[in-house]
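Take a look at the structure set out below.
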Amino acid sequence: MGIETHATTFAPPAPRADGRINLVGLDRAELAATLAGMGEPAFRARQLFGWIYKHGATDFQAMSDMAKSLRAKLADGYALDRLQVVRQQNSFDGTRKWLARMEDGQEIESVHIPEEARGTLCVSSQVGCTLTCKFCHTGTQRLVRNLEASEIVSQVMLARDILEDWGREGDDRQLTNIVMMGMGEPLYNFENVKRALKLVMDPEGIAISRRRITLSTAGVVPMMKRCGEELGVNLAVSLHAVTDELRDQIVPINKKYPVKELLDACREYPGVNNARRITFEYVMLKDVNDTPADARQLVRILKGIPAKMNLIPFNPWPGAPFECSTPDAIERFADILMEAGYASPIRTPRGSDILAACGQLKSDSENLLLSLLTLPAFVLILKRAGLSRAWALLALAPSIGIVLVFAVLLFRRWPAIAAAEAKR
């Protein structure tokens with residue numbers, strides 16, 4: 001496919017319908033060139049950059065250290081666009097998901113996950129995805145196009161708008177970390193991802209350190225070294241299987257870049273060491289990849305790679321062909337990895353009630369019902385906190401009751417919902 005490229009050449013943004021050009025997504029040099037064309041001195045570019053990326057300005061009139069005449073000229077010919085929020089969904093656990101619409105009408109999702117002492121934003125890099133990983137709902141949506149750098153960085157800026165995070169510093173920030181784990185394969189849109197993340201990392205702008213940014217790939221081997229050399233961010237690899245036979249089935253890119261080739265690229269990833277390990281993501285699929293033998297084989301193939309595991313209880317979605325592994329199976333798997341010396345935390349499901357968890361996508365009518373399907377994962381988390389299975393189920397009883405009530409209400413309102421959707 002033509003869209004599935006490893007590199008793209010940057011082109012200046014096209015004018016909007018009103019003839020103005022969006023400045024969001026331009027770097028210092030491009031802003032300087034823009035201002036030079038207006039007869040402005042070079043130092044104005046630094047001021048403008050700060051207003052856009054450090055202060056989050058959405059109105060040129062707020063740029064108080066610039067002359068009124070310059071502000072007027074900027075307002076006449078340029079814009080500070082944001083993505084349009086179509087819908088915000090809030091999970092009971094504090095996770096927020098935003099469905100955002102771009103200028104051409106295409107839509108993407110971003111997810112903010114608050115935790116103690118940090119807040120992580122999951123960012124999309126493409127509209128849809130070309131990889132068709134069998135356990136991932138995004139893989140059922142065809143690839144429409146790559147996101148522009150402006151659309152990637154705008155997800156971060158939009159989140160900071162909503163979280164009222166501009167002006168906050170250090171531990172006071174609500175958005176401290178970024179994971180490129182949303183819709184799409186980041187390394188198939190590397191140039192735009194790189195441009196956006198360099199804007200995010202700029203110390204005079206959004207100023208999120210590369211140590212707080214993780215890029216996840218399904219294994220686009222030729223681009224992994226460039227990612228390490230040119231961005232230097234943390235790397236996460238969607239592994240999910242220990243043999244080529246199985247990975248060919250559930251992560252089809254493995255047919256192009258098999259397990260050995262992928263792991264060799266991980267060993268050569270620039271900057272990897274025991275203090276900066278590669279994260280291997282492994283979704284737990286019942287009776288597919290979750291046996292003790294799978295865990296022991298995983299230990300063998302990771303030998304020599306500074307690594308940590310991220311075990312992900314499968315998050316169901318409408319029509320999914322898999323089930324989540326049982327809590328006991330996941331615990332056994334984790335224990336084998338930990339005994340071999342690999343940190344192997346089990347990812348707590350976050351936002352699964354609003355289809356914001358790993359591998360899920362929007363589904364208005366089924367969000368609440370799907371929270372029932374994630375029950376095994378929540379039971380596992382409570383068990384690991386020291387509760388027995390019976391007490392864990394009892395602790396979840398109120399939530400189950402609420403879901404059932406909403407399910408009944410949804411059933412009663414379904415004709416009206418269907419009619420409204422038909423009119424959209």
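Tabulated values for the structure
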{"quantity": "Residues of the stretch 129-143 classified as within 13 Å of ASN189 (Cα to Cα) and free of Cβ contacts under 8 Å to residues at least 40 places away in the same chain, total", "calculated": "0"}
{"quantity": "Top-ranked residue in the stretch 155-205 [being within 11 Å of TYR53 (Cβ to Cβ) and in contact with a Leu (Cβ under 7 Å, 6 or more places away or on another chain); ranked as surrounded by the most Cβ atoms within 10 Å (Cβ to Cβ)]", "calculated": "VAL156"}
{"quantity": "Residues of the stretch 151-177 satisfying the condition of being over 14 Å from GLY56 (Cα atoms) and either in contact (Cβ under 8 Å) with a residue 60 or more places away in the chain or within 16 Å of the chain's Cα centre (by Cα) (or both)", "calculated": "GLU151, ILE152, GLN174, THR176, ASN177"}
{"quantity": "Among (1) assigned to a strand (DSSP E or B); (2) within 21 Å of HIS137 (Cα to Cα) - the single one ASP287 does not satisfy", "calculated": "(1)"}
{"quantity": "Qualifying residue in the stretch 293-304 (condition: within 14 Å of ALA218 (Cβ to Cβ), surrounded by 15 or more Cβ atoms within 10 Å (Cβ to Cβ) and not polar (S, T, N, Q))", "calculated": "no"}
{"quantity": "Unmet criterion (only one of (1) among the aliphatic types (A, V, I, L, M); (2) loosely packed, with under 13 Cβ neighbours inside 10 Å; (3) modelled with pLDDT of 95 or more) for MET1", "calculated": "(3)"}
{"quantity": "Lone qualifier among PHE333, PHE280 - being among the aromatic types (Phe, Trp, Tyr) and over 22 Å from CYS129 (Cα atoms)", "calculated": "PHE333"}
{"quantity": "Residue that is modelled with the lowest pLDDT [pool: residues in the stretch 259-276 that are assigned to a loop (DSSP other than H, G, I, E, B) and over 24 Å from the mean Cα position of the chain (by Cα)]", "calculated": "ASN274"}
{"quantity": "ARG247 vs. criteria at pLDDT below 95 and over 24 Å from SER110 (Cβ atoms)", "calculated": "no"}
{"quantity": "Failed criterion for PHE92 (all others in (1) under 24 Å from LYS198 (Cα atoms); (2) surrounded by fewer than 23 Cβ atoms within 10 Å (Cβ to Cβ); (3) in contact (Cβ under 8 Å) with a residue 60 or more places away in the chain hold)", "calculated": "(1)"}
{"quantity": "Residues satisfying the stated conditions in the stretch 145-170, i.e. among the charged types (D, E, K, R) and under 30 Å from ARG247 (Cβ atoms)", "calculated": "ARG145"}
{"quantity": "Odd one out for GLN360, checked against (1) out of contact with any strand residue (DSSP E or B) (no Cβ under 8 Å at 6 or more places or on another chain); (2) modelled with pLDDT of 95 or more; (3) buried (at least 20 other Cβ atoms within 10 Å of the Cβ); (4) not charged (D, E, K, R)", "calculated": "(2)"}
{"quantity": "Answer from ALA62, ALA117 - the residue that is out of contact with any His (no Cβ under 7 Å at 6 or more places or on another chain) and free of Cβ contacts under 8 Å to residues at least 24 places away in the same chain", "calculated": "ALA62"}
{"quantity": "LYS68 being touching a residue at least 24 places away in the same chain (Cβ under 8 Å) and of a type in the set (D, E, K, R)", "calculated": "no"}
{"quantity": "Hey, VAL237 in a loop (DSSP other than H, G, I, E, B) and in the same structural domain as LYS308 (by TED's automatic domain parsing) or not", "calculated": "no"}
{"quantity": "Selection within the stretch 172-193 - farther than 20 Å from VAL111 by Cα and of a type in the set (D, E, K, R)", "calculated": "GLU191"}
{"quantity": "Selected residue (only one of ARG142, ARG118 is surrounded by fewer than 17 Cβ atoms within 10 Å (Cβ to Cβ), within 30 Å of ARG247 (Cα to Cα) and charged (D, E, K, R))", "calculated": "ARG142"}
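The values are calculated or read from the model by the stated rules, or taken from the named source; none is laboratory data. A quick note: this is a predicted structure, and the numbers were derived from the prediction, not measured. A quick note on method: Cβ atoms are made from the backbone with ideal geometry, for glycine too, and the neighbour counts reach across all protein chains shown.
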